[in-house]
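My structure is below; once you've seen it, I'll send some questions.
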Amino acid sequence: MEIIYHGHSCIQLSAGGNSLVIDPFISGNPLAKTTPDDIKVDYVLLTHAHQDHILDAYPVAKANDATIVATFELAAYMEFQGAKTQPMNIGGKVNLGFAEVQMTQAFHSSGIVLSEQGQIIYGGMPAGFLIRWNGLTLYHSGDTGLFSDLKMFGELFDIDVAFLPIGDLFTMGPDDAVLAAEWLRAKSVVPLHFDTFPPIRQDVDAFAAKLESKGIKGIALKPGDRHIIE
């Protein structure tokens, strides 16, 4: 399986001629090395409704005739824009044909800010995704703080790769993310949600070194980097 890191929390996974993207935030990311037009996928998965996770969801979905998978409320919002959607909710599973996706809880917030109208639209609960595909189990936590159910995930699932935020301020920081990785019993970790903006700058190499000291492989990617998991 190929992992492409598009920056911030945007991960694209590809195997066997199929592809999905999680939380596409590209056109608004000053560090991005690609454009929404370059993303070719079958599905778009959204963890929550914040702008830095959904900005390019509709354009990517429309260009690819792809289906957006999200919580009921966020899927409804995307359907109002004209997208094809697969609504689901926390604890549920959906079969994409080539992969099974289970939605998990996350501890964060979720809303669409309409600045000109002075309004915030409720975006449903924040979530993460457990993805079983091609003999691998991958976990994208979405934006979250540290929470003890991560231990349960580690007991229930044999996680090959965990994608975890490390930026602090809006999510857990590096130290909590190392603890999360231990609780998850993840074989390897790809850090997310860092460096995009000054308040969330982190030393990603130092984070990877902390993981290695715990016997966990740290995969520190830069926007545009590709990595193969076998």
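The values are calculated or read from the model by the stated rules, or taken from the named source; none is laboratory data. The shown structure was predicted, so the numbers you read here are calculated from the model rather than taken from an experiment. All Cβ positions, glycine included, derive from the backbone under ideal geometry; neighbour counts span all protein chains shown.
Can you name every residue in the stretch 160-182 that is buried (at least 21 other Cβ atoms within 10 Å of the Cβ) and not in a helix (DSSP H, G or I)?
Residues satisfying the conditions are 161, 162, 163, 164, 165, 166, 167, 171, 172.
Only one of these conditions is not met by residue 55: (1) in contact with a strand residue (DSSP E or B) (Cβ under 9 Å, 6 or more places away or on another chain); (2) under 28 Å from residue 223 (Cα atoms); (3) buried (at least 18 other Cβ atoms within 10 Å of the Cβ); (4) among the hydrophobic types (A, V, I, L, M, F, W, C). Which number is it?
Here residue 55 meets the rest and fails (1).
Give me the pairs: first residue in the stretch 75-100 and at positive phi and free of Cβ contacts under 8 Å to residues at least 40 places away in the same chain, second residue part of a helix (DSSP H, G or I) and not charged (D, E, K, R), beta-carbon distance under 8 Å, and six or more apart or on different chains, which are they?
Cβ pairs passing all conditions: 82/58.
Residue under question is residue 147, and the condition is that it be surrounded by fewer than 22 Cβ atoms within 10 Å (Cβ to Cβ), aromatic (Phe, Trp, Tyr), out of contact with any Lys or Arg (no Cβ under 6 Å at 6 or more places or on another chain) and not in a helix (DSSP H, G or I); does it hold?
yes
List the pairs whose first member sits in the stretch 144-158 and is farther than 22 Å from residue 50 by Cα, whose second member is part of a helix (DSSP H, G or I) and not aliphatic (A, V, I, L, M), and whose Cβ atoms are under 6 Å apart, counting only residues at least 6 apart or on separate chains?
150/183; 151/183; 154/183
To continue, here is another question. State whether the residues of the stretch 71-86 include one that is touching an Asp or Glu at 6+ places or on another chain (Cβ under 9 Å) and outside any strand (DSSP E or B).
No.
Continuing with this model, one more query. Out of all the residues in the stretch 69-83, is one or more farther than 19 Å from residue 126 by Cβ, buried (at least 20 other Cβ atoms within 10 Å of the Cβ) and touching a Phe, Trp or Tyr at 6+ places or on another chain (Cβ under 6 Å)?
yes
Let me ask something additional. Out of the residues in the stretch 95-120 that are surrounded by 15 or more Cβ atoms within 10 Å (Cβ to Cβ) and in contact with a helix residue (DSSP H, G or I) (Cβ under 8 Å, 6 or more places away or on another chain), state the one that is nearest to residue 200 (Cα to Cα).
The residue in question is 110.
A follow-up question, please. Would you call residue 195 closer than 21 Å to residue 74 by Cβ, in contact with a helix residue (DSSP H, G or I) (Cβ under 8 Å, 6 or more places away or on another chain) and not β-branched (Val, Ile, Thr)?
In short, no.
Please verify whether the stretch 102-111 includes one or more residues that are of a type in the set (Phe, Trp, Tyr), touching a residue at least 40 places away in the same chain (Cβ under 8 Å) and over 19 Å from residue 55 (Cβ atoms).
Yes, the stretch 102-111 has at least one match.
Now a separate question. List the number of the failed condition for residue 196; all other conditions in (1) closer than 20 Å to residue 105 by Cβ; (2) not in a helix (DSSP H, G or I) hold.
Failing condition for residue 196: (1).
Let me ask something additional. Working carefully through the options 11, 68, 26, find the one that is over 25 Å from residue 156 (Cα atoms), among the hydrophobic types (A, V, I, L, M, F, W, C), modelled with pLDDT of 95 or more and assigned to a strand (DSSP E or B).
Going through 11, 68, 26 in turn, just one is over 25 Å from residue 156 (Cα atoms), among the hydrophobic types (A, V, I, L, M, F, W, C), modelled with pLDDT of 95 or more and assigned to a strand (DSSP E or B): 68.
Among the residues of the stretch 113-157, count how many are closer than 26 Å to residue 19 by Cβ and β-branched (Val, Ile, Thr).
3
Please indicate, with yes or no, whether at least one residue in the stretch 133-140 is of a type outside the set (Asp, Glu), part of a loop (DSSP other than H, G, I, E, B), crowded, with 23+ Cβ neighbours inside 10 Å and at pLDDT 95 or above.
no
Can you report the number of residues in the stretch 32-54 which are assigned to a loop (DSSP other than H, G, I, E, B), out of contact with any Ser or Thr (no Cβ under 6 Å at 6 or more places or on another chain) and of a type in the set (A, V, I, L, M)?
Within the stretch 32-54, residues that are assigned to a loop (DSSP other than H, G, I, E, B), out of contact with any Ser or Thr (no Cβ under 6 Å at 6 or more places or on another chain) and of a type in the set (A, V, I, L, M) number 3.
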